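S.K.: Handing you this structure, nothing more for now.
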Protein chains: 2
Amino acid sequence: MGQRESIQEHGICLTVFLEKAVNTEIIGEKSPSKVFIVTIYSLSGLEGVSYLKLDAIFRPKSVAIIGASNTPGKVGYVLTNNLLKSGYAGSVYLINVRGGDILGHQSYKSILDVPGDVELAVIAIPSQYVIPTVEQCGEKGVEALIVISAGFKETSHEGAELEKKLVETVKRYGMRLQGPNCLGAINTHVPYDMSFASTLPKKGSIGFITQSGALGTAILDWIIAEEIGFGSIISLGNKADLDEIDFMEAMAEDPDIKVILLYLESIERGRKFLEVAERIVKKKPVMAVKGGTSSAGAKAAGSHTGALVGSFLAYQKAFDRAGVILTESMEDLFNYAVAFTQQSLPDDEGIAIVTNAGGPGILSTDLVEKLGLKMASLSEETVEKLEESLPEAASTGNPVDILGDALPDRYAVAVECALQDPNVHALVVLLTPQAMTDALTTAKHVVDLSKRYPDKPVISVFMGGDWVAEAAEHLKDNGVPCYNFPEKGIKTLDALYQYSRHLKLPELKPPVFDDIDRETVRRIYDAVRKDGRNVLFPHEAVAIVQAYGVNAPPSMLASSAEEAVGFAEEIGYPVVMKIVSPDIMHKTDIGGVELNLNNANMVRIAFEEIMRKSRKAQPLAKIYGITVDKMVPRGREMIIGMSRDPQFGPMVMFGLGGIYVNFLKDVSFRLAPMNER
Amino acid sequence: MGQRESIQEHGICLTVFLEKAVNTEIIGEKSPSKVFIVTIYSLSGLEGVSYLKLDAIFRPKSVAIIGASNTPGKVGYVLTNNLLKSGYAGSVYLINVRGGDILGHQSYKSILDVPGDVELAVIAIPSQYVIPTVEQCGEKGVEALIVISAGFKETSHEGAELEKKLVETVKRYGMRLQGPNCLGAINTHVPYDMSFASTLPKKGSIGFITQSGALGTAILDWIIAEEIGFGSIISLGNKADLDEIDFMEAMAEDPDIKVILLYLESIERGRKFLEVAERIVKKKPVMAVKGGTSSAGAKAAGSHTGALVGSFLAYQKAFDRAGVILTESMEDLFNYAVAFTQQSLPDDEGIAIVTNAGGPGILSTDLVEKLGLKMASLSEETVEKLEESLPEAASTGNPVDILGDALPDRYAVAVECALQDPNVHALVVLLTPQAMTDALTTAKHVVDLSKRYPDKPVISVFMGGDWVAEAAEHLKDNGVPCYNFPEKGIKTLDALYQYSRHLKLPELKPPVFDDIDRETVRRIYDAVRKDGRNVLFPHEAVAIVQAYGVNAPPSMLASSAEEAVGFAEEIGYPVVMKIVSPDIMHKTDIGGVELNLNNANMVRIAFEEIMRKSRKAQPLAKIYGITVDKMVPRGREMIIGMSRDPQFGPMVMFGLGGIYVNFLKDVSFRLAPMNER
């Protein structure tokens, strides 16, 4: 019979790592006895809330392009040309050291020569000239800079030094900096194009912040072809000053932006990100693709927790907690975003599907269930109405199969029946091109009905190519997202549900523990440190756990048989006794553990025996004494652990403990602090 | 200390279900004692191999359209029009009860009036006229029928009866039947279009068999827009006669088809499918999307195995075993198929990525790792060559980042370096549109290099829209699959790897056990049946398990104290004793179990005590006696189970047993029989 400690669940805010090796060892596993304890995380380090108005970037009244060029193909040419033809209504000043006309406009040799005020300077000159130029911008009173130029941190040590100086210069003049090594910015509402994209995308309300400039350009080209509407695109570059948090805050305040998309490879200010994202998500959906999920993973220390906690896990938990929807692919990200800008959120569970073909209906239903969404159970009235209106062979279940010969009118009846149903909170309209199908008229009906029931999100999946192209365009142009395969539609609906569920979560109000005996904890740590150890002995671990208010079986360190008896009488029989020595790893093997001791005499004998056997086995071992522990009945082994993520701080682990912990990994992680729930 | 049986692993072909409740009960869990045993699966039931030549459908010399019509919009019109303009070179006969000219061609009132031979008849007339028409086809000597007409099994009981008669009629004349209720067939090589698709797709080598006609039409329309090449499409309809197995066999023999795709909702002849698919996959890749994965699941009997085995699991295991690649979406299915028809299979692990942007490279690498694929570690020569040829800021690791300003020449150098590397067995070329990018010329280099290294698959991902459209088309047209997002490219590569790995698997040579004591098994079953039970007692279960050659601790049923002592002496001390009664569920509770009995006297006393307590607790219980079992030391609990899938037959479960089995589900399933491996 093994001895187990009854670790009481004590709220999840507990940030104590109690490795259960203590127990597994006793029941026969040969692992070293280790107990780590880490201090409770202090919330006081979080930075205060600050709203940053980046108007000089989001709504500049005047822009200077430094490095403007007349030579086609050059960055300075592309930037100038794009800005000039983008319809930007503010003042544009072109700066080129050689001066002269550029694309038919006057240019200045220096920004200091510009007659009017300059709010924003876009800099695209070789990196070695950037800092003197930035000095001039400062003198000129420029508010913000977009540094396109590469050759900074991303290249070499010298580049990193240069970047440091760049930031110092920028700060000295109280300016803000986007980049360096970025691909600029686009805004379709101002409008302006300060990027390499040759065309502005369609006006829309998606905001996109990307850490990869190239990905931004590629996506931009793609969304232009797909006719997806966009509001604002920001290329972060090296994030020397402004980062994703600043731009998220700005987009949160921007009335033209309804949904914020992120492509991120790293987040340096993790806790701040969490705090800002949590706040923003309450107002606007934020969705992210995270690059670098594989390489960073699982390099933490070799403790149980470290081995189980990968860094991507911290990102996942952080995004999850903030309500940032993490998607697996860039394409998904934009498919979802369109739906967020066009449709409302579902109020409740219950999806209806209307289809003119069995196959896609089945595939959609499969995915609904797989994603944990719920099909609606149609009301009796709806079923009756459908039975009256549809041909006999139609299926009035859910999916509602209105058959391959369905004309637009039949679609309209079925779609309206579904939208009227109080059990239906989201609708998917599937269409496959068949002999009688009139896709465009069907699309028009769907658009009209979606507008008449604005509280229930409608997603359409019109499968096929040319046959449905016009219909799909009509849907997209009129506010009903349309996809060409069922999985895209259902996954989009899932994203709407994720956000809707998040908004309904109770607010984060972590419990505060005011009964922690910090003095004891500090005393034990001091002693352990003084002893030159970085591992706690079991009796120390128990004392610390108890200081945090967790019920743990008493454990006391005795240095003589009589003291052991005294402890045993105090604790109550039966007890367990174990040798305590940093040098003895496999206590059970050498006879250093005695279980089930029922009286003073047994304790006395056990003390002498354990000492004798330990001395015999390892004569040179440093022996601290023998612990006397309460022998507790068998229970469920739980593991509670904690690791400190470099970005997001303390992360708590909770799950099934014991010998299978590494094998089964049946553990759950959350960033601290948490609600009690 | 609990008593555990040491179940020896005995090959995986063992199809014995041994529920471990026997043990868990003793250690304190309150579950009823149940042991099921099922008989070993016989291989003799598998049908013999038969090759079906469906030439009358795949290569008809002459076709009659019965129900041909002059009225636009009618099925008979669409079919006639499509066949006539599809370029079909064989004889076409149009049949219409009213006769007259149809689309400028002579028609016949009956197929019997046709002057020449008719190999294939396509029937599109109301269901009530189908059978007499089929009779006429039979008289005429038609070899095969495609019945488009609906109104059969899919509608009603009467429809099902009609379908039965249809099949009888077809068989009476030795004909074969595709459908009814199907959307026809298309072949781009013959060529012919006997479907509703208005255009023939591009000629190619993908064969597609679909159980959903509408999905087939939608996909057809999509692939025409996407310019994906196709060889043959078959709509299965109700599968009254010919089913997916027959058409798979035909496509396997068809030299124009290189890859076979399936959309299936059901497989009726599961074991036959398995056998045929296993054979075909050795020659050509087969990929499938399965519809209906959610509804059918987990309705099996309430045993542990039943609860864990969903029906979709059986499909997964069957596809997995046969090497049929199961994909999650129709889009994936076709993306993968294109790669299979254009590129070779990777020989070994080791993927190289060449990119002009970090972001997509990172996302691709993430997915490579996530899917369990391996990035290549580039050879020293390759790294040196790359270092010589690329700018200093480029990354010569893997992904090879050739920087945003990469011109086609730099791509060519990096791609060739990678393809030359003996550690590289597959290549992904990523391109994002940036200021200097020349996508089309880059595409041409990639095509040339891919042709020069035909043994290594090359997949390209050219992100963007119009900027890369022409380049993407050049790649696709010249045998290099091109996708617009990294995940599509990497998932496609994963499919190539899946197939490549499958082809390297050892052949299925399940072990044959000739040391099974079937006589004992039969005797015990007969006795249990005679006793009116469908549950075995532990001692019976142990005897059966032993008869199959599995080492199990002895268990014997004693009806007197002296007999118990005799058994205990024979087995050896210590022993465990348990009451055996179908009426006593919670043995431990009533004192019906005694552990750790070390001598004859203890056994004698235990016998009397167990009897006394059992009688006292349940005076009316039918008591069979008391088992005497060997008390064995604690071990790992394993669960071995078996269920019989309605489609695919015996499926074996193996995994972690004990009290957590339902909770952790750490079990693995395989269709029997298996290799020993």
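Values quoted throughout were computed directly from the atomic coordinates according to the rules given, and no laboratory measurement underlies them. Everything quoted here is computed from the prediction, not taken from an experiment. Cβ atoms come from the backbone with ideal geometry, glycine included; neighbour counts cover every protein chain shown.
S.K.: Mind jotting down a quarter of the surface of the convex hull over the alpha carbons of chain A, in square nanometres, one decimal?
M.R.: The number I arrive at for chain A is 37.9 nm².
S.K.: Working from the alpha-carbon coordinates of segment B:518-638, get Rg over Rh, Rh being the Kirkwood radius.
M.R.: 0.96
S.K.: Here's something else I'd like to know. Return the average number of partner chain Cβ atoms within 10 angstrom of each residue Cβ along peptide A:353-366.
M.R.: Averaged over the peptide's residues, the number is 6.
S.K.: Oh, and also: Jot down the per residue volume, in cubic angstrom and as a whole number, of the convex hull over the alpha-carbon atoms of segment A:77-169.
M.R.: For segment A:77-169, the hull spanned by Cα atoms encloses 100 Å³ per residue.
S.K.: Label point 7 Å out from B:E369 along Cα-to-Cβ: which residues of segment B:397-434 have amide N under 20 Å?
M.R.: Backbone N within reach: B:397-402, B:424-430.
S.K.: To test your reading of the geometry: what angle, between 0 and 90 degrees and rounded to tens, separates the Cα axis of helix A:358-370 from the longest principal axis of chain A?
M.R.: 40
S.K.: When the Debye formula is applied to the Cα atoms of the protein assembly as shown, each taken as the same point scatterer, what base-10 log of I(q)/I(0) results at q = 0.04, 0.06, 0.07, 0.08 Å⁻¹?
M.R.: -0.32, -0.71, -0.95, -1.17
S.K.: Once the Cα atoms of helix A:561-571 and of chain A are each reduced to a long axis, what angle between those two axes, in degrees from 0 to 90 to the nearest 10, is obtained?
M.R.: It is inclined by approximately 60 degrees.
S.K.: If you take the square roots of the eigenvalues of the alpha-carbon gyration tensor of segment B:146-199 and sort them as a ≥ b ≥ c, do you get rounded (a/c under 1.5), prolate (a/b over b/c) or oblate?
M.R.: Oblate, because a/c is 1.5 or more while a/b does not exceed b/c.
S.K.: Which entries in B:K171/B:K284; A:K290/B:K290; A:K284/A:K370; A:K370/B:K290 show an alpha-carbon gap greater than 19 Å?
M.R.: B:K171/B:K284; A:K290/B:K290; A:K284/A:K370
S.K.: Show which lysines lie in cross-link reach of B:K616 when reach means a straight Cα distance below 25 angstrom and same-chain residues fewer than eight apart are skipped.
M.R.: B:K30, B:K34, B:K578, B:K587
S.K.: Sort A:T217, A:T520 by Cβ crowding within 10 Å, fewest neighbours at the top.
M.R.: Sorted ascending by nearby Cβ count, the order is A:T520, A:T217.
S.K.: Pull up the cross-link candidates among the aspartates and glutamates for B:K74, meaning alpha carbon to alpha carbon under 18 Å and not fewer than 8 places away within one chain.
M.R.: Partners within reach: A:D405, A:D438, B:D101, B:D193.
S.K.: How shielded is A:465-473 by partner chains, expressed as the average number of their Cβ atoms within 10 Å of its Cβ atoms?
M.R.: 4
S.K.: If I take R0 = 56 Å and measure r between the Cβ atoms of B:D477 and A:R634 in this structure, what FRET efficiency does the formula 1/(1 + (r/R0)^6) give, to the nearest 0.05?
M.R.: Details: r = 69 Å, r/R0 = 1.24.
That gives a FRET efficiency of 0.20.
S.K.: Sorting check: for A:118-124, B:177-183, B:100-106, which peptide has the highest mean count of neighbouring beta carbons within 10 Å, and how do the rest follow? Provide the component values of the computation, followed by the final result.
M.R.: Details: A:118-124: 25.7, B:177-183: 27.3, B:100-106: 12.6.
Top of the packing list down: B:177-183, A:118-124, B:100-106.
S.K.: Starting from the Cα of A:K451, draw a straight line to each of the aspartates and glutamates and keep only those under 14 Å, dropping any in the same chain fewer than 8 residues away.
M.R.: Partners within reach: A:E416, A:D477.
S.K.: Separate question: Evaluate the distance, in nm, between pseudo-label points positioned 7 Å from the Cα of A:N601 and of A:D514 along their respective Cα→Cβ axes.
M.R.: 5.3
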